[in-house]
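J.: One structure follows; several queries about it will come next.
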Amino acid sequence: MKSKLYLETTIPSYLVARPSRDLLVAAHQQITRDWWESRRFEFDLCVSELVLDEVRAGDAALASQRLDLLREARVLTSSNEIVELTEDLIAEGPIPRKAAADAAHIAIATVYGCEYLLTWKCRHIANAELHRDIRRVVEGYGTRRRPCVRRKK
């Protein structure tokens with residue numbers, strides 16, 4: 001059985017974006033393409049309605065390409081449990097209100113028991129300094145599953 005991997009919006013965005021002149025962003029784009037071509041088949045890919053809404057934004061042609069990449073991913077729907085955990089992540093401090101979407105990505109991956117959350121968002125999601133507080137909130141909420149907020153290798 002494949003491990004469940006939640007794809008946050010930065011992954012399909014980097015896959016179809018025009019090549020960046022910024023060296024760090026260009027490296028992230030290439031690493032993302034390499035991972036997509038060589039590793040994605042090893043996982044049960046999941047996205048949420050939130051991811052689909054986010055990838056629909058912006059340039060119509062690029063949005064269409066992003067959606068096409070995700071056509072085979074399982075779509076995880078929202079629930080009251082996800083909304084409550086999102087609010088707890090904000091109210092208890094690890095994630096600021098202005099980053100509510102980031103809290104929602106963590107909550108979705110957690111509630112659905114995804115072993116991995118793949119993202120390039122290092123400010124709130126893939127932030128080692130916040131991981132302990134995120135874990136505390138998730139465990140305090142009563143869920144036994146823990147979010148995996150690892151950056152891809």
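The values are calculated or read from the model by the stated rules, or taken from the named source; none is laboratory data. Model, not experiment: these values are computed from the prediction. All Cβ positions, even for glycine, are placed from backbone atoms using ideal geometry, and neighbour counts span all protein chains on display.
J.: So L89 ticks every box in (1) out of contact with any strand residue (DSSP E or B) (no Cβ under 7 Å at 6 or more places or on another chain); (2) surrounded by fewer than 20 Cβ atoms within 10 Å (Cβ to Cβ) but one. Which box is left unticked?
T.: Tallying (1) out of contact with any strand residue (DSSP E or B) (no Cβ under 7 Å at 6 or more places or on another chain); (2) surrounded by fewer than 20 Cβ atoms within 10 Å (Cβ to Cβ), L89 fails exactly one: (2).
J.: Right, here's the next one. Restricting attention to segment 1-26, which residues are farther than 20 Å from Q65 by Cβ and either of a type in the set (V, I, T) or in a strand (DSSP E or B) (or both)?
T.: S3, K4, L5, Y6
J.: Continuing with this model, one more query. Is it the case that some residue within segment 69-84 is out of contact with any strand residue (DSSP E or B) (no Cβ under 9 Å at 6 or more places or on another chain), crowded, with 18+ Cβ neighbours inside 10 Å and either modelled with pLDDT under 95 or of a type in the set (D, E, K, R) (or both)?
T.: no
J.: Still on this structure, I have one more. I'd like the full set of residues that are closer than 13 Å to T10 by Cβ and either among the β-branched types (V, I, T) or in contact (Cβ under 8 Å) with a residue 60 or more places away in the chain (or both), limited to segment 20-62.
T.: If the condition is that a residue be closer than 13 Å to T10 by Cβ and either among the β-branched types (V, I, T) or in contact (Cβ under 8 Å) with a residue 60 or more places away in the chain (or both), then V25, H28, I31, T32, W35, V47, V51, V55 are the ones that fit.
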